[in-house]
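A.B. asks: Below you will find the structure I want to go over with you.
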Amino acid sequence: MRLQLQLTLVFGVFIAVILSAFAVAVYVLTERSLSAGLEERAELALAELTSGSTSLTSGLLKLPSDTYYQVLLVGRPATMADTVAGFKASVPYRSNSNLLLQLPDAAVQTLLDTQRTAVSLGSGSDRLRVIGRMGMIQGGQNQGTIRAAFLVGIPAGLMTNTLDQLARDLTATVAIAFLAFTVGIWVLGDRVLAPLRKVTAAAAKVSGSDLSQRVPVNKGRDEIHDLGVAINNMLDRLQESFETQRRFTADASHELRTPVTAIAGHASYLVRRTNPSEEQIDSLTVIRREADRMGKLVNDLLELARADAGFTVNKVPVNVVEVAEQAIKNLSKLPGGTSVELAAPSPLAEVSGDAERLKQVILNLVQNAINAGATRVNVAVTQEAKQVRVEVLDDGSGIPPEAVAHLFERFFRVDGARSGRGNGSGLGLAIVKWIVQQHDGTVPVESSLGEGTVFTVLLPLLDPRMTGEAKVTKSKPTDPGRLRAKRTAETGAVTEPQGEQDRT
Amino acid sequence: MMPAMERRPLILIVEDEKEIAKFIDLELQAENYETVVSYDGVTGLSKFRELNPDLVVLDLMLPVLDGLEVARRIRKTSNTPIIILTAKDAVDDKVTGLDSGADDYLVKPFSIEELLARVRAHLRRVNPAVTGEVRVADLVINLEGREVFRDGRRIELSAKEFELLELFARNPGKVFNRFEIEEKVWPEYTGGSNVVDVYVGYLRRKLEGEGERRLIHTVRGVGYVLREE
């Protein structure tokens, strides 16, 4: 979950709990204090009635005007009146309202048992707080004192209204405060996290081939500033070590070129210019061949060092059909019985690219197939609506599915061992990948064990606007069954059928 | 082997790596050239002034005075062909090398056969007695060596580009229509594509790379022709 959302949720829940607790506390306290006030008023009124010292009449006169009261003579001996039903049937003595009838039986029972009771009647604005007490009343001149029940009802509607209003106000206040706080946290979170997001965006731009990007460092000396500085320091060190490694590869390859050239040159000189014995020729040929192989490895390493340095290829309009023809012509000696064929339905399939490097792609893919034991390799170049498709299909042993993902890694070998079969450098496919990427293309691979492998290079078609001269003319559809351009290279005898008689 | 000449061509080798200088020297001698070797730029330059060789094989990374500077100073006073050898092969280095006045460029590790072929080609170019060449204005097409120079500058052509140029060069002044060209250069295709126009475009781009005059002209409604005007 996004940090901003998490922050907002956590703080939102927290503040909701706090505000609610506060509101409930306010409500409860207010209610208690209001109830206490009401109770006190009722007690005072009751005290007036039961004071006994003054006459009942003067007590009634002192009651507040909104007070309901009822005085009942319970009688003596109070046998009958000690049951709820009997009590309810007691003689009303003085009253301005029949409070007793409204009293629930439980309250009456409490009055009988404990000599006092307190209960709330009705609801809303009609609420009434009723308290009752048992006491004695002075009867007539010769009747002495009589046992009596005093009931006082104080209207509590006002309090209920007040409390309801308070509850509504509190709810609204809590809701508004919660909303304001949540929005505030959200906005604050956004402001706090914005620099972090900037740092993240900048860090995402830093990739293997471009370590020169730096994250922005804001001015204030806060945590975000420190984070930016720390990331940039890390990038500095990373770039430095990466650069050191790349430079080392480049320098080492570079330094190796001179000895490799000297070894190959001298071996070649001995073979061609002196009269070595057959055994010596064999031995010198090995030296020359291995020196050439080393030379290729050195070149491949340099090419990848260049790729790592962010080198980009130089692009001009290139005919991939001819590139493929040249690649197949350039193939070094093929093992006996191996054939490489090119099929292209049209003489032209133009892309914007670097001809030498595209040739390298096809060369590497074909060489790779041969190194993997293929005896027939078919190269097909076709121009499609928006792309040029180059397929290199072989009848080799195929590639296990788990190895396909690693094919384009440097020095990766399908059999795991550095067997050195053929003369591959182990870098061919890594270079293929880099070159194809440089041409905005892709290289999907399909392989089935025991049947063979197809590497497909897809390159965007040359934009016709790029070439001033090449007009886009409609080409007649060519019968794909009659692929005219075919080269067969068998046992190193690479032949080019046409134009041969023109050359000496 | 070189054809017999009154004087064997003299080749100056300037290369600080003695092992490389050695086998180049041996190979060139075996090809019947006279050779002089020097191991640094200053010595190389003074040898050049003293001996006035027919061709210079020049390493780029030299002590004392680097190869580019040597090439520049030689070019101030002489048109002697210069072939640069280098372990650098980035495009920028190549451009700088050719800008400095060098005629050709080989990257180490190079094949000695390639170097010998280039030496032959450049010596032929300065020695017009050799046949197998077609000249149209400042364009020199060596049909045997399959090499093309414009104003002394070596131009690298792809196989098809050369075949197309060769067709024109063997018939200077002849106007070819697209059908004829396609039949001769792309005999395996039945036609219908604009491959000829595209390749004429490629050729023009390379032959006029430094803003030179156009030599392959469009004849409206007919085709193309190679001629001076």
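A.B. asks: So which residues in segment B:36-74 are more than 20 Å from B:E19 (Cα to Cα), buried (at least 17 other Cβ atoms within 10 Å of the Cβ) and of a type in the set (G, A, S)?
C.D. replies: Selection gives B:A71 alone.
A.B. asks: In segment B:201-229, which residues are surrounded by 11 or more Cβ atoms within 10 Å (Cβ to Cβ) and small (G, A, S)?
C.D. replies: Listed by number, the residues that qualify are B:G201, B:G209, B:G223.
A.B. asks: Of all residues being more than 7 Å from every other protein chain (Cβ to nearest Cβ) and not in a loop (DSSP other than H, G, I, E, B) in segment B:187-199, which is farthest from the chain's Cα centre (by Cα)? Just the residue, please.
C.D. replies: B:V196
A.B. asks: Taking the condition of being exposed (fewer than 13 other Cβ atoms within 10 Å of the Cβ) and either assigned to a loop (DSSP other than H, G, I, E, B) or at pLDDT 90 or above (or both), how many residues in segment A:1-53 meet it?
C.D. replies: 13
A.B. asks: How many residues does segment A:245-272 hold that are more than 57 Å from the chain's Cα centre (by Cα), aliphatic (A, V, I, L, M) and either closer than 17 Å to B:E17 by Cα or more than 10 Å from chain B (Cβ to nearest Cβ) (or both)?
C.D. replies: 2
A.B. asks: Let me ask something else. On the basis of being among the acidic types (D, E), without any contact (Cβ under 8 Å) to a residue 60 or more places away in the chain, over 30 Å from B:L10 (Cβ atoms) and away from chain A (no Cβ under 14 Å), does B:E180 make the cut?
C.D. replies: yes
A.B. asks: Answer yes or no: is there a residue in segment A:204-216 that is free of Cβ contacts under 8 Å to residues at least 24 places away in the same chain, of a type in the set (K, R) and surrounded by 14 or more Cβ atoms within 10 Å (Cβ to Cβ).
C.D. replies: yes
A.B. asks: Right, next: If I ask for residues that are of a type outside the set (D, E, K, R), within 8 Å of another protein chain (Cβ to nearest Cβ), farther than 18 Å from B:E163 by Cβ and in a helix (DSSP H, G or I), which ones from segment A:300-332 would you list?
C.D. replies: Matches in segment A:300-332: A:L302 only.
A.B. asks: Follow-up question, since we're still on this one. Checking the conditions here, which among A:I263, A:I224 is farther than 30 Å from A:K198 by Cα, surrounded by 15 or more Cβ atoms within 10 Å (Cβ to Cβ) and β-branched (V, I, T)?
C.D. replies: On the way: A:I224 fails: farther than 30 Å from A:K198 by Cα.
Answer to the selection: A:I263.
Okay, residues lined up against (1) in a helix (DSSP H, G or I); (2) under 27 Å from B:E19 (Cβ atoms); (3) at pLDDT 85 or above:
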{"position": "B:K94", "(1), (2), (3)": "yes, yes, no"}
{"position": "B:G97", "(1), (2), (3)": "yes, yes, no"}
{"position": "B:Y105", "(1), (2), (3)": "no, yes, no"}
{"position": "B:A117", "(1), (2), (3)": "yes, yes, yes"}
{"position": "B:R124", "(1), (2), (3)": "yes, no, no"}
{"position": "B:F149", "(1), (2), (3)": "no, no, yes"}
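A.B. asks: Which condition does A:N275 not pass, out of (1) buried (at least 16 other Cβ atoms within 10 Å of the Cβ); (2) more than 9 Å from chain B (Cβ to nearest Cβ); (3) of a type outside the set (K, R), if it passes all the others?
C.D. replies: Just one mismatch for A:N275, condition (1).
A.B. asks: Taking into account only those residues within segment A:364-381 that are among the hydrophobic types (A, V, I, L, M, F, W, C) and in a strand (DSSP E or B), which is surrounded by the fewest Cβ atoms within 10 Å (Cβ to Cβ)?
C.D. replies: Among those residues, the one meeting the criterion is A:A380.
A.B. asks: Would you check which residues across segment B:135-149 are more than 11 Å from the chain's Cα centre (by Cα) and within 13 Å of chain A (Cβ to nearest Cβ) and list them?
C.D. replies: Within segment B:135-149, B:L143, B:E144 meet the criteria.
The values are calculated or read from the model by the stated rules, or taken from the named source; none is laboratory data. In this text, all values refer to a predicted model and were calculated from it rather than measured experimentally. Note that we place each Cβ from the backbone using ideal geometry, even for glycine, and neighbour counts take in every protein chain shown.
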